[in-house]
Amino acid sequence: MKPLTCKLLPLALATLVSTLHAGAHAQAAATPEAEALPITGNFTITNNYVSRGFTQSWSKPAIQGGIDYAHASGFFVGTWASSISGTEFRGGSTEWDVYAGYGGSVGDVGYTAALYQYLYQGSSAPAVNGRKYNYTEVKLGLSRGALSFNTFVTVSDDYFGTFDQGRGSLYRSEEHTSELQSRLHLVCRLLLEK
């Protein structure tokens, strides 16, 4: 079991992302037709792509982006991709994620159930007999106000090129988001992976 860690987003990145998101949201709210549009997108340039405590870009910049479709019924589907390091992921240059799920709420408690597939295009872990980094997870989440709790359970045999059977690997995220000022948010996240 790995220790719990608390990671704070760099304020500059949070400001940039919040500003871009708020600007896009303000444009979408300008017309009633745009509000009904269930498709959103995102784009990020980061100085180091870190996921679950590991650098995915070998401590170098990464370009990331995604597109999501969310139906009024609660069903959603999306895709997201990032550049990754060919050094960290031998033979690979792209992480491509696809996901689908359902979310809703009961009173002021939100819930989410989703299936995620993580694909590391062309990469394998040669030290682990060519085992693939690709893996599949089920996500279950609850939220209330500024708090969210998510659990990801690996359902595939492969998990991130590990030596052991990946099925049943567990990743938990507890998050609190605070608005510091308009369009500037601070996110504190506790992570547990086993």
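Brief remarks follow.
- Rg/Rh ratio calculated on Cα atoms of region 61-122 (Kirkwood radius): 1.14
- Sorted from longest to shortest, the spans of the Cα atoms of region 123-187 along the three principal axes equal 50, 21, 13 Å.
- Each other residue within a Cβ distance under 13 Å of residue 114 adds +1 if Lys or Arg and -1 if Asp or Glu, for a net charge of -2.
- Extension reserve of the residue 146-residue 162 stretch, reckoned as 0.36 nm per residue once the Cα distance is removed: 2.4 nm
- Förster radius 25 Å - calculated FRET efficiency between residue 111 and residue 177 (Cβ-Cβ, nearest 0.05): 0.90
- Only the Cβ atoms of Lys and Arg (+1) and of Asp and Glu (-1) were treated as charged; on that basis the dipole of region 148-194 about its Cα centre amounts to roughly 140 debye.
- The stretch between residue 47 and residue 138, if pulled fully straight at 0.36 nm per residue, gains 29.9 nm over its current Cα-Cα span.
- Environment charge of residue 133, counting only residues whose C-beta is closer than 9 Å and scoring Lys/Arg +1, Asp/Glu -1: 0
- Projecting the alpha carbon convex hull of region 60-194 along each direction and taking the average yields 9.7 nm².
- Given their separation in residues at 0.36 nm each and the Cα-Cα distance between them, residue 93 and residue 155 gain 19.9 nm when the chain is fully extended.
- In the assembled protein chains, residue 132 presents an accessible area of approximately 90 Å² (probe radius 1.4 Å).
- Counted by Cβ distance under 13 Å from residue 49, the other residues give a net charge of -1, where Lys and Arg count +1 and Asp and Glu count -1.
- The relative contact order of region 57-194, computed from alpha carbon pairs under 8 Å that lie at least 6 residues apart in sequence, is 14 percent.
- Placing +1 on the Cβ of every Lys and Arg and -1 on the Cβ of every Asp and Glu, with nothing else charged, gives region 96-194 a dipole about its Cα centre of roughly 40 debye.
- Entry comment: accessible area of region 38-179 is 54 Å² per residue, from protein heavy atoms only and a probe of 1.4 Å.
The values are calculated or read from the model by the stated rules, or taken from the named source; none is laboratory data. Everything quoted here is computed from the prediction, not taken from an experiment. All Cβ positions, glycine included, derive from the backbone under ideal geometry; neighbour counts span all protein chains shown. Heads up: the accessible areas ignore ligands, DNA and RNA and are worked out on the full protein's heavy atoms, side chains in. Shrake-Rupley method; radii C 1.70, N 1.55, O 1.52, S 1.80 Å.
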